[in-house]
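The values are calculated or read from the model by the stated rules, or taken from the named source; none is laboratory data. Because the structure is predicted, anything quoted here is derived from the model rather than measured. Neighbour counts run over all protein chains shown; Cβ positions are idealised from the backbone, glycine included.
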């Protein structure tokens with residue numbers, strides 16, 4: 001059941017867990033609308049620093065006194081019922097809401113465009129937000145990353161259109177349902193569907209059930225976009241879908257023809273008719289597919305494909321998506337968020353097409369909850385096959401040996417649990433022209449700068 005929230009600018013709103021990407025983005029929207037905003041978190045970060053600069057009161061740590069004087073308390077999904085600030089709010093009869101409740105209130109009356117799927121949500125959402133912005137739609141958006149063209153992750157916007165990244169992982173300690181069921185999009189993109197987030201879902205079937213719920217929230221005059229060849233998505237749609245549908249890929253409504261091997265130039269086809277050409281800085285088949293979905297969704301809200309293609313020429317990708325970190329001593333270092341075998345394979349494939357025969361050194365931290373459980377360890381080695389050499393870090397919080405993956409690799413693979421030794425080994429191998437690709441869904445101990453510093457010392 002969706003909770004109805006009425007916000008008024010004179011209210012004081014307190015956020016518990018304000019440093020997270022999702023909650024900090026909502027806090028940013030509200031503080032810019034004139035609300036008095038405060039928030040607490042165990043640690044400060046770039047997001048909380050920005051909120052402070054905008055006028056919010058930020059507390060490091062948690063204390064029951066922090067909610068005093070608040071009219072509304074909003075908690076992140078990770079905050080438990082017995083949290084001292086939650087308990088204090090309840091004792092004071094201060095309403096406590098979930099992130100999804102607030103999202104529903106923010107998007108009320110908006111034409112919501114939701115981007116869902118296992119991979120590519122942030123990138124596709126960013127593409128779509130930029131297309132709409134560049135074409136004069138002034139959309140609102142809330143995305144799980146800093147949008148390259150905007151320098152922010154969220155804003156309310158000046159029009160009826162709102163782009164939201166609909167993450168199935170967005171559940172809560174106190175409610176395991178995926179919160180995208182509250183978004184009620186009129187336009188829905190489902191990029192792909194695989195098993196992930198083993199800390200929340202038992203198997204792929206459990207994820208399918210959540211997506212089935214999402215599909216049923218799209219109205220009959222709404223439209224759902226998905227790749228035709230994704231059998232898991234097709235299974236979800238077959239369980240009940242009363243909305244209009246468009247598909248991409250072979251025998252689908254939308255398709256792409258690459259003009260350059262790395263995907264930096266490609267033609268867009270709708271019903272076998274070329275409707276535009278994209279010439280941009282991104283590479284990789286996965287980004288071509290993401291672009292197709294963004295162009296298709298943009299068409300549903302009124303942007304012609306040729307204009308969408310032109311907008312993508314000036315698209316700046318979200319940080320941590322094959323992000324170039326620097327070149328030292330002729331060695332290039334890239335950072336990518338990839339943490340699932342499919343994403344790893346696609347990212348490596350994109351870089352391979354970009355650099356052709358140059359040596360690629362893949363550096364991976366198995367950090368995600370699913371990785372920690374060893375769910376993907378049998379397929380991980382094969383996903384790394386396009387690398388010329390591989391370095392795998394052994395975190396101290398997983399109970400399986402990463403060496404098993406290294407032993408299964410087709411190329412030389414090195415494992416270490418010592419960061420300094422790990423970095424030194426990579427630096428010693430790297431030569432002029434080599435490409436180092438670092439993949440993790442976390443900070444990886446600042447390894448990117450350590451590599452650049454090490455290469456500088458090596459000369």
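Answer with yes or no whether residue 350 is under 20 Å from residue 280 (Cα atoms) and not assigned by TED's automatic domain parsing to the domain that holds residue 264. Working first, answer last.
Values: under 20 Å from residue 280 (Cα atoms): yes; not assigned by TED's automatic domain parsing to the domain that holds residue 264: yes.
Answer is yes for this residue.
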In the range 237-248, which residue that is over 22 Å from the mean Cα position of the chain (by Cα) and in contact (Cβ under 8 Å) with a residue 40 or more places away in the chain is nearest to residue 131 (Cα to Cα)? 246
Lone qualifier among 346, 351 - being in a helix (DSSP H, G or I), within 20 Å of the chain's Cα centre (by Cα), touching a residue at least 60 places away in the same chain (Cβ under 8 Å) and within 22 Å of residue 432 (Cα to Cα): 351
State all residues of the range 285-300 that are surrounded by fewer than 21 Cβ atoms within 10 Å (Cβ to Cβ) and farther than 19 Å from residue 273 by Cβ; if no residue qualifies, say none. 285
Looking only at residues in the range 258-284 that are more than 26 Å from the chain's Cα centre (by Cα) and either without any contact (Cβ under 8 Å) to a residue 24 or more places away in the chain or part of a loop (DSSP other than H, G, I, E, B) (or both), which one is nearest to residue 324 (Cα to Cα)? 260
Among the residues of the range 285-333, write down those that are under 22 Å from residue 448 (Cα atoms) and in a loop (DSSP other than H, G, I, E, B). 316, 317, 318, 319, 320, 321, 322, 329, 330
Subset tally (residues that are free of Cβ contacts under 8 Å to residues at least 60 places away in the same chain and under 20 Å from residue 124 (Cα atoms)) for the range 215-225: 4
Please indicate, with yes or no, whether at least one residue in the range 57-72 is closer than 17 Å to residue 99 by Cβ and under 27 Å from the mean Cα position of the chain (by Cα). no
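Here are 444, 393: which of them is at pLDDT 90 or above and either surrounded by fewer than 21 Cβ atoms within 10 Å (Cβ to Cβ) or within 24 Å of the chain's Cα centre (by Cα) (or both)?
On the way: 444 fails: at pLDDT 90 or above.
After applying the criteria, what remains is 393.
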Considering only the range 102-119, I want to know if a residue exists there that is surrounded by fewer than 21 Cβ atoms within 10 Å (Cβ to Cβ), on the phi > 0 side of the Ramachandran plot and either modelled with pLDDT of 95 or more or out of contact with any helix residue (DSSP H, G or I) (no Cβ under 6 Å at 6 or more places or on another chain) (or both). yes
Test for residue 435: is it in contact with a strand residue (DSSP E or B) (Cβ under 9 Å, 6 or more places away or on another chain), surrounded by 14 or more Cβ atoms within 10 Å (Cβ to Cβ) and within 20 Å of residue 329 (Cα to Cα): yes
